1. Can you sort B:LYS283, A:LYS69 so the residue with the fewest Cβ neighbours within 10 Å comes first?
2. What aspartates and glutamates does A:LYS374 reach when the alpha-carbon gap must be under 15 Å and sequence neighbours fewer than 8 apart in one chain are set aside?
3. What's the exposure ranking of A:THR150, C:THR88, A:THR321, going from fewest to most Cβ atoms within 10 Å?
4. Give the Cα extents of region B:69-141 along the principal axes, in whole Å, largest first.
5. Toward the positive end of the charge dipole of the protein assembly as shown, about the Cα centre and with charges on Cβ (Lys, Arg +1; Asp, Glu -1), which of B:ASN217, C:LEU85, A:VAL112 goes farthest?
6. Could you name the aspartates and glutamates in cross-link range of C:LYS168, using Cα to Cα under 19 Å and dropping any fewer than eight places away on the same chain?
7. Counting only C-alpha contacts under 8 Å and six or more residues apart, can you give the relative contact order of chain B as a whole percent?
8. Counting only other residues whose beta carbon sits under 11 Å from that of A:ALA236, what net charge do I get with K and R as +1, D and E as -1?
Amino acid sequence: MKRKKIISLLLAACVITTTALTGCGKTDNNTAKSNESTKESNSEEKTLTLMHYFDPSDTQDPYSVGFMKLIEGFTAETGIKVNLETVPWNEIESKLVMTNQSGNPTCDISWVSSQKLASLVNAGALLPLDDYYQDLDTSDFIDQALDAATFPGDGKKYLVETSVHSRGLWYNTDLVQNAPTNWSELIDTAVVSNNPDENIYGFAAYTPKSYDPCELYLGPFTWSAGGNLGNDNGSAAWDNTSTQKAIQLVADLKNEYKVMPESCFTSDRSEILETFLNGNIAMLLEGTFAYAPIMESELGQSGKIKFAPIPGENGPAPCFTNGWSMAIPSNSKQPDLAWEFVKYMVKPEVQIEHSKFDGGLPILNASYEDEFFKTNQYPEIADNLKNNSGTMDPFVYYQEALESLSTVNMSYAIDPTQDLEKMLSDSALEFNKKYYAD
Amino acid sequence: MKTNSKLPYIFIAPVALLLFLFSYLPMPYSAYLSFHKIDIATGKYVFAGLENWTRILRDKNFWESCSNTFWFALLYTVIMLILALIVALIINSKIKGASFYLTVMFIPWVISEVIVGYTWKWLLNPDYGVLNYLLGPFGIKASSLISETGYAMLGTVIVYVWRSLAYTAILILAGLQAVPNDCLEAASIDGCNKWKAFTKVIFPILSPTILIVTLLNIINAISQSGIILVLTKGGPVRATETLALYLYKEAFMNYQFSGAATMSIVLTVINLFIVTAYLYLNKKNREVIS
Amino acid sequence: MTKSTLNQRTRISRFCFNAICQIFMITLTIFMLFPVLWAFLTALKPNNLIYSYPPVFFTDQFTLENFSYALQAQNIPRAAINTLLLATLTAAISSILSMIAAYAFSRYNFKGKTFLFAFLVVPMLIPGLTNLIPLYSVYSRLGIDNTYIGLILLYIPGTVSFATIVMKNFFDSLPTAIEEAALIDGCSNFSVIWRVVLPVVLPGASAIFIINFVTIWNDFLITLIFTRTNEMRTLTLTIYNMIGTSTVKQGPLSATAFMTLAPALVVFLIFRKKFISTMLDGAVKG
């Protein structure tokens, strides 16, 4: 009895196994073969593999729906089919590097975050695009887009930005009447709107030890106070009084004025955003990539959330900008085809459509004339972008540098009894020793 | 024991072949990577000599992560062993509901690391965490387990212990089965209390099991990065950044696979040391017992 | 002391001992189950009740919206089938292969036995991260990345070392008397294995099956690198995708997390008796 059971189980397993393996093996062989043939033939359909983070089957996501329309438009125009590969947004770059290094990148063109530019180039993953840029009319590109595309280490361009995200002060008009325009106003406003009894915090900003705080506020605060984070060659220069003031401000907001929730230091970005959207934070320093969830929330829909520039020492601070960009893996098999997609994405009408569901602003100056960008806080955001943006210091080891500084920031905020000046100079020294020892 | 057959080689062949192809063959690549670096201009690897090695040896963060790993492994192993031992002994004494307890304790082990990380992170949230709410009246601020540098290591260890307690307990329980009941009976007739019975009878027989469980625990603790990554990301401020996590970040955040390869070699060497220590102690232990 | 007082004493101390043990175990059980329970409650709450303090435990506003969001937004059924298929197949194959190898280590003496055993154990000590690059290189050239068989071949080596060690110890603890008797009775070697060993070994096999199943069910890294299309995605990867560019809704996250853990839990509960008894029978003996 037991033996028969075992035999039948094994048989069943075998049958299932062989069906599964051969079944799937076949379909993949077919696609592999058809990909080969499309690559070789020139007059037949060409297929471009695009690596992105959205899920085309998610019809609830406005981004997916919008983007699929763009792809249809691209195929209609150029006859090139697009094969989409979905990878979680924070793993895209690592998958790109890994597969590229093996010699067989998994895509021909990929969406990458422009902040990862330095790391990607340092890993040899991207194709320099200067030759391609020659054929592109970049006269109407906003400056930020061209800056973001350039690697400070060799001055070459490796990306094409698709939309621009900036950062600013989102505030809840129920709790804040007038947005602060400088540091002392920021402190005052935060203290006034802070209400521990009702669980309301005056100010919040995502503060992990990755590069985000530097982009979000450390850079802007430092620059507004007249300082720099790095030197022209990419070595650390953050051991200066401006940076000290910046870090001190945040630490004070947390420890002295007690207006910052502790979750700024432990939680994910989205949890802080949720807290804000639930009406429990008066002012939130965050990027415009939070635009969509903000506008979809109850508070956002009732027009209670507004956008203002980041308060600097004496006025609006320069904000850091970045954006999702298109990059071509250095071992890409179809770079020319990939460039076709790039050309399509930077067309004015496509830029406008893309920004509508992306939340970031277009990279073409002319696009801002579209009616869409005249309402719903877009004017404030565009204004901030045009008048108050700055670029990050030219770090060749971008992530490592910013992480060192963010670590000091976080450490000091958690334990303000330490010697901030010494921490800054120690970390700068160490960073330079590690990367600029010669 | 049969000695003459060729059968064992055939039996072992598939496993050995798979391991050879997928674990041993790629190994030289790691070594290769650790002596090369990417040349930005060409995007290809060029020989870099000992550059990767000197860089990590000069890196203060590397040494900090090693020390973190040491403390993590120590804390984890000690807490895990004590708890698992207690649990195993209790279950072994066949109290009511032993089987139920054991099954329930296994549930955390079935959950994937990512989920464990997020679940605990939400529990320990400083603003919305339910543990803060429940333990607050007792004067315990649960969220410091992920927000304060002094306690973060403990917090991580607790989560890991939560996940794998049942697993370790059952390994020790298995070892307990080897303690013959008549020895215990003889001891209780002789008038020993439970403590003496434990130290003189149970412990010596259990020691090989405890040794290997310790070994497995330490190696596991050292190679883990999944839960820490989600729970604290190595924070706050590097308090929980173990070598495994540092390695992961080097590979998946900085995309420096040569650096990561170098560190994985270091990790392997550390593991080998631990295994050697285990083999030595095991031998010594055997001599002591017999 | 009379016999009765002695008995009374022992009975009281026994009672105390039992009571303490029970209290300890109950506390431990609460500690183990509470997070899971909380995740489940979170999955059932609407968003505004999740982000509220003091935390809400029970409410009449329980809703299934998180589950339905998770289900439709992320193509979970397909991912679930994938993960189920992969985990089951790999666990089965890996278990069979390691059982066979373990049998050899346990029942035979042969040249190079210690060497081969060490050969088996060493990969457990090596972090497999950097192995993935050359493996991916080969895989993509052979065209087997993003296939079931490719993934299975990758998963197996990761599970086989530990499984063999456990099974070897298990075999070591099984008396050889039955096998020898059968051999004397005239059965061939193969027949011995088939008729005598296999039935007894089933508990051990199920234990290994569970361990392997759970390991692969929860794998992330290999699936990330070696799958390309949505059709091949696994549940763990799906959870990662839930963490959108700036919004992770704790509700859908908990819902997906729960749906991910449920099947693994079910498999575990089915096999738990066999699993526990095998681990008890000699998973580890020095």
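1. Ascending Cβ contact count within 10 Å gives the list B:LYS283, A:LYS69.
2. Output for A:LYS374: A:GLU353, A:ASP383.
3. Result, fewest neighbours first: A:THR150, C:THR88, A:THR321.
4. Principal-axis extents of region B:69-141 (Cα, largest first): 42, 33, 29 Å.
5. The one lying farthest along the dipole's positive direction is B:ASN217.
6. Excluding near neighbours in sequence, the set is C:GLU179, C:GLU180, C:ASP281.
7. For chain B, the relative contact order is 25 percent.
8. Values: positive: A:LYS433, A:LYS434; negative: A:ASP239, A:ASP393, A:GLU400, A:ASP426, A:GLU430.
Counting the neighbours of A:ALA236, the net charge comes to -3.
Each reported figure results from applying straightforward, stated rules to the coordinates on display, with no laboratory input. Model, not experiment: these values are computed from the prediction. With ideal geometry, Cβ positions are generated from the backbone for all residues, glycine too; neighbour counts draw on all protein chains shown.
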